[in-house]
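> I am attaching a structure below and will ask some questions about it afterwards.
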Amino acid sequence: RTTSITLPTSNQMQSITDIEQAVVGACMLEPRYAQIQAILKPDNFSCKDCRIVYRAIGELYPTAKIDFLTVTKRLEITGEIEQLKHGAYSVTSMANRVASAANIEHHALLVLQEAIVREFADMLMSWANNVEGDILKVSFLESYTAVGPNRSIDPLELADAFPRILLRLGAPQECIDEFTEFSQMVNTRIQAAKKFTVPNTILTHLVQLSYTTPDSASTSV
């Protein structure tokens with residue numbers, strides 16, 4: 001089953017793109033990448049530019065200073081700067097999207113949830129195109145519609161319940177097993193990510209400190 005889908009463009013998807021850019025921008029402005037890398041992987045971003053820039057930040061961390069200049073330089077070295085929609089300006093615009101990274105962990109969790117929903121929708125449409133039986137096909141298509149851009153239910157709740165629904169509908173065991181594994185993965189990732197969304201007063205204080213040191217001018221990047 002190799003069917004691939006792209007969720008329709010909507011104000012909601014535009015909103016998540018804005019959040020993704022803010023998360024990546026915050027990673028360049030304050031030393032928060034250590035927390036975010038535990039929540040998000042590059043492939044979790046729907047925005048191609050965000051995936052490229054976020055990956056570059058990860059390649060710099062933790063041995064080099066991270067800001068929009070060093071990230072841009074890294075992308076120039078790897079040649080990926082040419083893949084960005086607006087070149088170096090794409091990096092600068094992300095850095096300018098946020099004035100503070102105070103809510104970055106919460107925003108990162110939103111990005112993760114949307115990434116999981118996209119994967120869930122992909123699985124639903126794939127099975128709708130390949131499963132035998134009209135009732136199952138309709139069930140997959142209706143579920144896909146329910147978790148789409150104009151979603152009418154909580155996609156994560158449906159993902160959790162879907163293996164039991166499929167069992168009652170008499171779906172193939174392979175199908176039940178795939179959605180069971182997916183549901184377990186969702187629960188594991190969401191619970192792990194939530195640990196990093198709890199306010200950390202010490203970290204909040206530390207990120208407000210100046211990171212300029214007497215020998216910073218001589219530190220090589």
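> What is the dipole size for the stretch 113-173, taken about its Cα centre, with +1 at each Lys and Arg Cβ and -1 at each Asp and Glu Cβ, in debye to the nearest 20?
So the magnitude is around 120 debye.
> Could you tell me which of rounded, prolate or oblate describes the stretch 44-174, using a ≥ b ≥ c as the square roots of the eigenvalues of the alpha-carbon gyration tensor, with rounded for a/c under 1.5 and, failing that, prolate when a/b is larger than b/c and oblate otherwise?
Prolate, because a/c is 1.5 or more and a/b exceeds b/c.
> Holding the Cα-Cα limit at 20 Å, pick out from 65/85; 48/195; 41/194; 85/194 the pairs that are longer than that.
With Cα atoms farther than 20 Å apart: 65/85; 48/195; 85/194.
> Still on this structure: Taking Cα pairs under 8 Å and at least six residues apart, what relative contact order does the stretch 136-195 come out at, in percent?
Reported relative contact order: 27 percent.
> Solvent-accessible area of residue 65, probe 1.4 Å, all protein chains present, reported in Å² to the nearest ten, please.
120
> Could you look at the stretch 17-76 and say what percent of its accessible area is carbon and sulfur, using a 1.4 Å probe and all protein chains? Write down the numbers at each step before the final one.
Details: 1220 of 2410 Å².
Its accessible area is 50 percent carbon and sulfur atoms.
> Note the per residue figure in Å³ for the convex hull of the C-alpha positions in the stretch 36-84.
Working: hull volume 3.5 nm³, N = 49.
Convex hull volume per residue, Cα atoms: 72 Å³.
> Pop out the Kirkwood hydrodynamic radius of the stretch 95-138 from its pairwise C-alpha distances, inverse of mean 1/r, in Å to one decimal.
13.1
> In whole Hz, what ³J(HN,Hα) sequence does the stretch 72-86 give by Karplus (6.51, -1.76, 1.60; θ = phi - 60°), x for Gly and Pro?
Going residue by residue, I get 4, 4, 4, 5, 5, 5, 7, x, 7, 4, 6, 7, 6, 4, 10 Hz, with x marking Gly and Pro.
> Can you pull out the trypsin sites (Lys or Arg not before Pro) in the stretch 77-163 that DSSP calls coil and that have at most 11 other Cβ atoms within 10 Å?
85
> For the residue pair residue 190 and residue 61, what label-to-label distance in nm results when each label sits 7 Å from Cα along the Cα-to-beta-carbon direction?
2.4
The values are calculated or read from the model by the stated rules, or taken from the named source; none is laboratory data. The shown structure was predicted, so the numbers you read here are calculated from the model rather than taken from an experiment. Neighbour counts run over all protein chains shown; Cβ positions are idealised from the backbone, glycine included. We work out accessible area using only protein heavy atoms, side chains counted, and drop any ligands, DNA or RNA first. Shrake-Rupley method; radii C 1.70, N 1.55, O 1.52, S 1.80 Å.
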